[in-house]
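What follows is a short report on a single structure.
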Amino acid sequence: MNQTRVVGALLAVIALVGTLTACSTRAPADFVILYYKAGAGDNREFQECIEPGHAGSYPVDDEVFPLPVSLRTWNIAVQGGDTDRPITSGSKPAPVNGPDGRPTGQTQPGPEVLIWATADF
């Protein structure tokens, strides 16, 4: 009987600690968390920036976006970059002319272009 009370009290303490620690968003040491209110009627408003190793609000119906702070650049290069796969994008669509040389109101896709870039954070 006494052992049952001890086990029950231990489970209650574990549940309490788990509940209290779950009521916040904690940023890992190498991340910053951007916290946005995004619940019903909040219109996705920026709430706070949670610094590495610190705790912020608990995201009930909200959104958090973790961003690494250890990454300083992202290079998309043919050789020696972080990736060798370029961003593929279409160029501006061109109008289509009919046999009489007048625009038909339709467009045709422009040629695809490969984009190599460097982003510095």
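The values are calculated or read from the model by the stated rules, or taken from the named source; none is laboratory data. Values in this document were obtained by computation on a predicted structure and should not be read as measured data. As a convention, Cβ positions derive from the backbone with ideal geometry for all residues, glycine included, and neighbour counts pool all protein chains shown.
The table below lists the values:
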item: So Asp42, is it surrounded by 11 or more Cβ atoms within 10 Å (Cβ to Cβ) and not hydrophobic (A, V, I, L, M, F, W, C); result: yes
item: Filtered residues of the range 90-121 (kept if hydroxyl-bearing (Ser, Thr, Tyr) and at pLDDT below 90); result: Ser91, Thr118
item: Number of positions in the range 94-121 that are within 30 Å of Ser70 (Cα to Cα) and of a type in the set (A, V, I, L, M, F, W, C); result: 6
item: Where Val78 falls short, out of the listed (1) assigned to a loop (DSSP other than H, G, I, E, B); (2) within 16 Å of the chain's Cα centre (by Cα); result: (2)
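This table checks each residue for (1) within 27 Å of Asp120 (Cβ to Cβ); (2) part of a loop (DSSP other than H, G, I, E, B).
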{"site": "Val32", "(1), (2)": "yes, no"}
{"site": "Tyr35", "(1), (2)": "yes, no"}
{"site": "Ala40", "(1), (2)": "no, yes"}
{"site": "Asn43", "(1), (2)": "no, yes"}
{"site": "Pro52", "(1), (2)": "yes, yes"}
{"site": "Pro66", "(1), (2)": "yes, no"}
{"site": "Ser70", "(1), (2)": "yes, yes"}
